[in-house]
Structures are given as C-alpha cells and as structure tokens.
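> The structure follows.
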Amino acid sequence: CKYRNAIYDMLNHAKDTDFDTVWNIFKNNKKYFPHIRTDYLKRNIAKGQVVLDQDVVIVYNIYKRKQRLNEEILAQPGDCILHQIVAKNKNGSAKEVLHKFFKHINTRVFLSVRSENDIAKRFYEKNGMLKIGDTSWSKGTIPGDIYLYDSN
C-alpha cells in the first residue's frame, strides 16, 4: 500500500519532551560519545536537528555556507553533516533509520569518525558511505576519516 509506505518512510525528530530518552541513549554509549553534553543535545533538539526513530538518535546539521572539511574537501551549502548516530539496541534499527535519514535529507551527507573506530567505519561502508579523506582533532593528535554518502 502506497500510503503505508509513506508513513513507514517518515522520519521522527526528537521533541523537547524526548530529551531524557535521547540523553539516556548517549549515556549508555558514553564509551563512544564521552564529549556529548546535555546543553548540546537540548540546543540541537530545539533546532529540529535530532532524529529519534526506533531508539536510534542522529544529530545533524545542514550547511548554510561552504565548509572546508580538510585541504581537499569542500562541502557546499545544502550539504548535510551527520554529527552522531547512536542506537539503543544492536537490532538492525540503526541501518534502517540511517537509510530513512538519507532518503529524508536528500542531499550529500558527510561525517567524520576517529580512524581507530573500525566498528563505525564498517557500519558506514556497509551502508553506502565512502571514505573520501582524512582529518584530525586536538591539534592533529587524534586522526580521523571523512565519509560521504551521495545518492547520485
């Protein structure tokens, strides 16, 4: 049924009342997200930039102007940066929600991840993202990889 598929494809965004649920999912994954703070999540929920769907959280932003991701990679206005994706359970819901997100956002999606995070990198690659470059944080002491999802 076409109508049921349209409902199924809808992506749910977190509301202020969902903060505790979102925060608890991050707290339960503190090993991977030690830097996430409550004010950051509240601010992004208020801006409508937090997906909460099937106990999966995605925090993202749409670039308003050109943004240099490294020496070679330049994101354009309208491109998306996926800041975090985290799931409460390891039941396949993250894959499903990520693909709904790609369909919903309908633009290029960039993300960066620590080079040592092999589990996340395998997940991104299995879901159609390609490693397109390198980056680093903390004055070059933490190496990272840049990934891109481009539906074209």
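> Give the residues of region 63-73 that are among the charged types (D, E, K, R) and either in contact with a Gly (Cβ under 7 Å, 6 or more places away or on another chain) or open to solvent by less than 30 Å² (accessible area, probe 1.4 Å) (or both), sorted by residue number.
E72
> While we're looking at this one, here's another question. Answer yes or no as to whether Y147 is in contact with a helix residue (DSSP H, G or I) (Cβ under 6 Å, 6 or more places away or on another chain), modelled with pLDDT of 95 or more and surrounded by 15 or more Cβ atoms within 10 Å (Cβ to Cβ).
In short, yes.
> Of everything in region 100-152 that's of a type in the set (F, W, Y) and not in a helix (DSSP H, G or I), which residue is farthest from Q49 (Cα to Cα)?
W137
> Of everything in region 74-91 that's open to solvent by less than 50 Å² (accessible area, probe 1.4 Å) and not β-branched (V, I, T), which residue is farthest from A120 (Cα to Cα)?
G78
> Given the conditions (1) in contact (Cβ under 8 Å) with a residue 12 or more places away in the chain; (2) in contact with a strand residue (DSSP E or B) (Cβ under 8 Å, 6 or more places away or on another chain), report the number of the one that N117 does not fulfil.
All conditions are met except number (2).
The values are calculated or read from the model by the stated rules, or taken from the named source; none is laboratory data. Nothing here was measured: the structure is a model prediction, and the numbers come from that model. So basically every Cβ, Gly included, is an ideal-geometry build from the backbone, and we count neighbours across all protein chains shown. For the accessible areas, the whole protein counts, side chains as well, though only heavy atoms, and no ligand, DNA or RNA atoms are used. Shrake-Rupley method; radii C 1.70, N 1.55, O 1.52, S 1.80 Å.
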